[in-house]
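Asks: Take a look at the following structure, please.
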Amino acid sequence: MFDDADLDKVVEWVKGAGFFNSGQDCTAAARVIAGPKIYDNLLASLVPAVESLKVGDPSSEDTEMGPLVSKEQLERVVGFVDRARKGGAAVLTGGATIDGPGFFYKPSVVAELKQTDEIVQREVFGPVVTVQRFADDDQAIAWANDVDYGLAASVFTTNVGRALNAARRLQFGTVWINTHIPLVSEMPHGGYKQSGYGKDLSIYAIEDYTNIKHVMAALD
């Protein structure tokens, strides 16, 4: 998220794409890297937006976020946040389980992080969004790429040149600009690095079901 981004749009997409399916989505907007001038305003807007999420029975029409899939996954998420907190991170909202039946964890925002922190480097796969403050554009790209995963990323800016430059440099199989998570069947979806190989969706996915034969003959 660059300093010239539309703040309301970023908050809307992070609230939706960060906590969709309780964050148990491989393309979740789980890690936010924000510019130095917009960082404080982002947190001031994002925290109440996350706190407004209606958590409860997924069969209820007004529920926005349900439980985690299992006790083991809940314990995994708890461990990530607890270790981050002990390491000096600030849990601005959430950071605790919800009493009652089901494996519920409060939607959480974690800040004041180092790039080397476990919660930044690894995928939590739960309702937790981390927020970091970068110093300049190069650091933003470097931090984004400095993880083992490379499935999906997004760029928020009103500067087209900056957006296209970032999209070119980001080492991710999907890069959205001023949006996050929409997929269409005509476009390939797949990752780089430890996010696997090959694609689903589009003609590239169909190629996975073909057997290519190369025949070469010398006819003279």
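Asks: Kindly indicate which of Lys54, Lys37 is more than 19 Å from Thr130 (Cβ to Cβ), without any contact (Cβ under 8 Å) to a residue 24 or more places away in the chain, surrounded by fewer than 16 Cβ atoms within 10 Å (Cβ to Cβ) and of a type in the set (Lys, Arg).
Replies: Numbers: Lys37 fails: without any contact (Cβ under 8 Å) to a residue 24 or more places away in the chain.
On inspection, the qualifying residue turns out to be Lys54.
Every residue, every condition in (1) open to solvent by 60 Å² or more (accessible area, probe 1.4 Å); (2) under 25 Å from Asn41 (Cα atoms); (3) touching a helix residue (DSSP H, G or I) at 6+ places or on another chain (Cβ under 7 Å), yes or no:
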{"residue": "Val131", "(1), (2), (3)": "no, yes, yes"}
{"residue": "Ala135", "(1), (2), (3)": "yes, yes, no"}
{"residue": "Ala142", "(1), (2), (3)": "no, yes, no"}
{"residue": "Asn145", "(1), (2), (3)": "no, yes, no"}
{"residue": "Gly150", "(1), (2), (3)": "no, no, no"}
{"residue": "Phe156", "(1), (2), (3)": "no, yes, yes"}
{"residue": "Ala166", "(1), (2), (3)": "no, yes, yes"}
{"residue": "Gly173", "(1), (2), (3)": "no, no, no"}
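Asks: Taking the criterion of being surrounded by fewer than 16 Cβ atoms within 10 Å (Cβ to Cβ), closer than 20 Å to Thr210 by Cα and among the aliphatic types (A, V, I, L, M), would at least one residue in the range 184-191 satisfy it?
Replies: yes
Asks: For the range 168-188, check the following and say yes or no: at least one residue is within 20 Å of the chain's Cα centre (by Cα) and over 26 Å from Ala5 (Cα atoms). It would help to see each step written out before you state the result.
Replies: Initial filter on the range 168-188 (within 20 Å of the chain's Cα centre (by Cα)): 168-184, 187-188.
In the following step, the residues that additionally are over 26 Å from Ala5 (Cα atoms) were identified as 188.
Among the residues of the range 168-188, at least one is within 20 Å of the chain's Cα centre (by Cα) and over 26 Å from Ala5 (Cα atoms), which makes the answer yes.
Asks: Sticking with this structure for a sec: Quick one: what pairs do we get from the range 164-178, first residue without any contact (Cβ under 8 Å) to a residue 40 or more places away in the chain, second outside any helix (DSSP H, G or I) and among the polar types (S, T, N, Q), C-beta under 6 Å, 6+ apart or different chains?
Replies: Within 6 Å, the pairs are Trp176/Ser154.
Asks: Now for a different question. Do the conditions hold for Leu53, that is, is it farther than 22 Å from Gln139 by Cβ and aliphatic (A, V, I, L, M)? Walk me through how you get there before you give the answer.
Replies: Working: farther than 22 Å from Gln139 by Cβ: yes; aliphatic (A, V, I, L, M): yes.
Against the criterion (farther than 22 Å from Gln139 by Cβ and aliphatic (A, V, I, L, M)), Leu53 qualifies.
Asks: Tell me the helices (runs of 4 or more DSSP H) entirely within the range 91-209 that contain at least 2 residues that are closer than 30 Å to Leu53 by Cβ and of a type in the set (A, V, I, L, M, F, W, C). Let's see the steps before the verdict.
Replies: Values: elements: 118-121, 137-145, 160-169, 202-207.
In the range 91-209, the matching helices (runs of 4 or more DSSP H) lie at 118-121, 137-145, 160-169.
Asks: Can you list residue pairs whose Cβ atoms sit under 8 Å apart, with the first residue in the range 201-216 being surrounded by 11 or more Cβ atoms within 10 Å (Cβ to Cβ) and the second being among the aliphatic types (A, V, I, L, M) and part of a loop (DSSP other than H, G, I, E, B)? Count only pairs 6 or more apart in sequence or on different chains.
Replies: Close Cβ pairs satisfying both conditions: Leu201/Leu183; Leu201/Val184; Leu201/Met187; Ser202/Met187.
The values are calculated or read from the model by the stated rules, or taken from the named source; none is laboratory data. Given the structure is predicted, the values throughout are model-derived calculations rather than measurements. Every residue, glycine as well, gets a Cβ built from its backbone with ideal geometry; the counts of neighbours run over all protein chains shown. To get the accessible areas, we keep the full protein, side chains included, count just its heavy atoms, and leave off ligands, DNA and RNA. Shrake-Rupley method; radii C 1.70, N 1.55, O 1.52, S 1.80 Å.
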